[in-house]
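Worksheet for the structure shown next.
The values are calculated or read from the model by the stated rules, or taken from the named source; none is laboratory data. Note that the structure is a prediction, hence the values are computed from the model and not measured. Please note: Cβ atoms are built from the backbone with ideal geometry, for glycine as well, and neighbour counts cover all protein chains shown.
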Amino acid sequence: MTCRNAVLFAFLAVSLATSTVLAQTDDDVIKVDSSIVVINASVTDSSGKSVGGLGQAQFHVFEDGVEQKIESFGSEETPFAAVILLDTSGSMEERVMLARAAAITFLDGLRALDVAAIYNFDSKVAVVQDFSNSRDMRDQVFDLKANGMTVLNDAVFKAADVLSKRPEKRRAIIVLSDGADTMSGKTAERALKAALAVNATIYTVDMSASEDISGAKRRNQSVLREFAEKTGGRFVATPGGLAMRDAFRRIVEELGAQYTITFAPSNTNKDGKWRSIELRISRPNLTIRTRRGYHAPRK
């Protein structure tokens, strides 16, 4: 990684602590059984700068509009695990080098206990660099060439699966793609559910050509934006050069410094339904970025 700083802040993720991740089939999302919800959130001021020093009494958690009792609260800098997904499909032919440079920028910001893995996806998903805190990129990443179809949804699902096996509370998926899925076996909804189930915040970076103003590009951007917004991440639209480097620096910074809140939902029904989450803060003129909710476990 090479630089840091841009506008990407706060994320909330619902983790299921003391959870059991069950085996997958092609027709299943990742399932988690837990009675504890963990929220990771970042708070910023009007200039986009992270705000520290807030106490538990200033936060209020609501699930489906009902306030929940906060079980624990922390604001420590916590290590994170991230999976970087590099789109190397045929449509990315002119932008693979730019995506690789962005990944280098991200790795450069890792702290001693942070870890990241790199996967590429085209007609299939493959690991090119396993989890480590190394800031160096292995040679095989530089050998990647654009070719084949695009399995974006399958890649997000795979990233969620590998993150489910990590011990870190904070987990992220960084997607560098033009958003055009052409071959996935998984739907975008199934991939999103998998990410939500394992407490993964998705950051998506639109790698399409800046001069492209087609309807297809807008539709693809919509998919990338949906992944980011529903998990509490950030969508970055067709950046380049310094803007992209700054964006990736900021992602690393926000992943490491967040507020962590846990609660035991008052609704104990194991019905698999969507539960909306709202995190409010009593101090004025601050922005809190959170995910929108989670799917309850199912019997």
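Taken over region 114-132, the criterion of being surrounded by 14 or more Cβ atoms within 10 Å (Cβ to Cβ), of a type outside the set (A, V, I, L, M, F, W, C) and more than 18 Å from Glu168 (Cβ to Cβ) is satisfied by Asn120, Asp122, Ser123. Within the set Ser266, Ser210, Ser276, Ser282, the sole residue that is farther than 16 Å from Ala103 by Cα, in the same structural domain as Glu63 (by TED's automatic domain parsing), in contact with a Gly (Cβ under 8 Å, 6 or more places away or on another chain) and among the hydroxyl-bearing types (Ser, Thr, Tyr) turns out to be Ser276.
Those strands (runs of 3 or more DSSP E) of region 233-299 in which at least 3 residues are over 30 Å from Asp206 (Cα atoms), considering only elements entirely within it, cover 259-263. Counting the residues of region 113-166 that are aliphatic (A, V, I, L, M) and not in a strand (DSSP E or B) gives 14. Checked against the criterion of being in contact with a helix residue (DSSP H, G or I) (Cβ under 6 Å, 6 or more places away or on another chain) and either closer than 20 Å to Ile173 by Cβ or surrounded by fewer than 16 Cβ atoms within 10 Å (Cβ to Cβ) (or both), the candidates Arg249, Arg291 yield just one match: Arg291.
Tell me, yes or no, whether region 52-65 has at least one residue that is at pLDDT below 90, out of contact with any strand residue (DSSP E or B) (no Cβ under 6 Å at 6 or more places or on another chain) and exposed (fewer than 15 other Cβ atoms within 10 Å of the Cβ). Yes - at least one qualifying residue is present in region 52-65. Restricting the search to region 149-160, which residues are modelled with pLDDT of 95 or more and closer than 16 Å to Asn120 by Cβ? Within region 149-160, Val151, Leu152, Asn153, Asp154, Ala155, Val156, Phe157, Lys158, Ala159 qualify.
Does Ala188 count as at pLDDT 80 or above and in contact with a helix residue (DSSP H, G or I) (Cβ under 7 Å, 6 or more places away or on another chain)? So Ala188 passes the test.
Residues checked against (1) in contact with a Pro (Cβ under 7 Å, 6 or more places away or on another chain); (2) more than 22 Å from Leu110 (Cα to Cα); (3) surrounded by fewer than 14 Cβ atoms within 10 Å (Cβ to Cβ):
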site: Ser134; (1), (2), (3): no, no, yes
site: Val141; (1), (2), (3): no, no, no
site: Thr150; (1), (2), (3): no, yes, no
site: Asn153; (1), (2), (3): no, yes, no
site: Ile213; (1), (2), (3): no, yes, yes
site: Asn220; (1), (2), (3): no, yes, no
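Could you go through region 268-280 and let me know if any residue there is surrounded by fewer than 19 Cβ atoms within 10 Å (Cβ to Cβ), on the phi > 0 side of the Ramachandran plot and hydroxyl-bearing (Ser, Thr, Tyr). No, because not a single residue in region 268-280 is surrounded by fewer than 19 Cβ atoms within 10 Å (Cβ to Cβ), on the phi > 0 side of the Ramachandran plot and hydroxyl-bearing (Ser, Thr, Tyr).
Looking at Gly179, Gly215, just one residue is at positive phi and either in contact with a helix residue (DSSP H, G or I) (Cβ under 6 Å, 6 or more places away or on another chain) or of a type in the set (Gly, Ala, Ser) (or both), and that residue is Gly179.
When residues in region 118-171 are screened for being over 27 Å from Thr260 (Cα atoms) and not small (Gly, Ala, Ser), 26 of them pass. The single condition from (1) modelled with pLDDT of 95 or more; (2) more than 21 Å from the chain's Cα centre (by Cα) that Val115 fails is (2).
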